[in-house]
Amino acid sequence: MLKTVGIEFPAMKAYEFPAQITSDGQLRLPEAALSQLNAEQVVRVIVLIPETTDSSEEQVWSMLAAEQFLAGYSAEDALYDTL
C-alpha cells in the first residue's frame, strides 16, 4: 500500500492512453479506456502535457534516451509485468 500525504492508496495498475480536455474543462477519456474502469471507482490521475520547446535537439536526445532504455528490455523481463 502506498501512503502519500497521509492518504493510503492500494496497489494500482497503470493505463496509458491519449485523452482530450474539452472546451468546458472536462477530461474526455477514450471508450477503450473507459471499458477498463468501473463506474464510481476512485482513480489517481497524472496529467502529462507537452513541453513548449524550440529545440529539436532536445527531442532527439529524449528519443535516443527512450530507445536506449527500451533496448535493455527483453522478452524475459515480461515475467515482472505479472507480479
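Here are some notes:
- For Leu37, the criteria (1) surrounded by 10 or more Cβ atoms within 10 Å (Cβ to Cβ); (2) farther than 30 Å from Ile7 by Cβ; (3) of a type outside the set (S, T, N, Q) hold in every case but one, which is (2).
- Among the residues making up the stretch 41-81, a single one is in contact with a helix residue (DSSP H, G or I) (Cβ under 9 Å, 6 or more places away or on another chain) and either modelled with pLDDT of 80 or more or within 23 Å of Tyr15 (Cβ to Cβ) (or both): Glu51.
- In the stretch 28-40, the residues that are within 18 Å of Met12 (Cβ to Cβ) form Cβ pairs under 8 Å with partners that are surrounded by fewer than 10 Cβ atoms within 10 Å (Cβ to Cβ) and among the aliphatic types (A, V, I, L, M), at six or more places apart or across chains, as follows: Leu37/Val43.
- Selected residue (criterion: modelled with the highest pLDDT) from residues of the stretch 1-26 that are under 24 Å from Asp81 (Cβ atoms) and either acidic (Asp, Glu) or in a strand (DSSP E or B) (or both): Glu16
- Odd one out for Leu29 among (1) modelled with pLDDT under 90; (2) closer than 26 Å to Thr82 by Cα: (1)
The values are calculated or read from the model by the stated rules, or taken from the named source; none is laboratory data. None of the values given here were measured: they were computed from a predicted structure. Glycine also receives a Cβ, built like all others from the backbone with ideal geometry; neighbour counts cover every protein chain displayed.
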